[in-house]
1. For a bin width of 10 Å, list the pair-distance distribution of segment 33-110 built from all Cα-Cα distances, rounded to whole %.
2. Explain nothing, just the number: relative contact order of segment 33-110, from Cα pairs under 8 Å at least 6 residues apart, as a whole percent.
């Protein structure tokens, strides 16, 4: 009799422990790191977004006050600002993805690819 009660109790306890651990594990997931490169198609300073085209695909980049801006090639990049960036210029941004949008932590841009 004790054995027939002990097994279901153990299974229920194990199930409850798994349910308690799973939400905590889901919250520990890191945002996916990534980068986007392409030609700047549109700049919207009101919503702090850039539309970048690579090939035929348009992607969104979201920036904020923490985004670091650099001007030039990777080997000779100098500190820059968003005010220097123009539509049609090549840009490379690194950050984390929020869905399909990249939240940029650093962007480097130049006049031509």
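1. Going out from 0 Å in 10 Å bins, segment 33-110 shows 21, 60, 19, 0 percent.
2. Normalised by residue count, the contact order of segment 33-110 is 37 percent.
None of the figures in this text is laboratory data; all of them are computed from the coordinates on show. For clarity, every value in this text was computed on a predicted model and none was experimentally measured.
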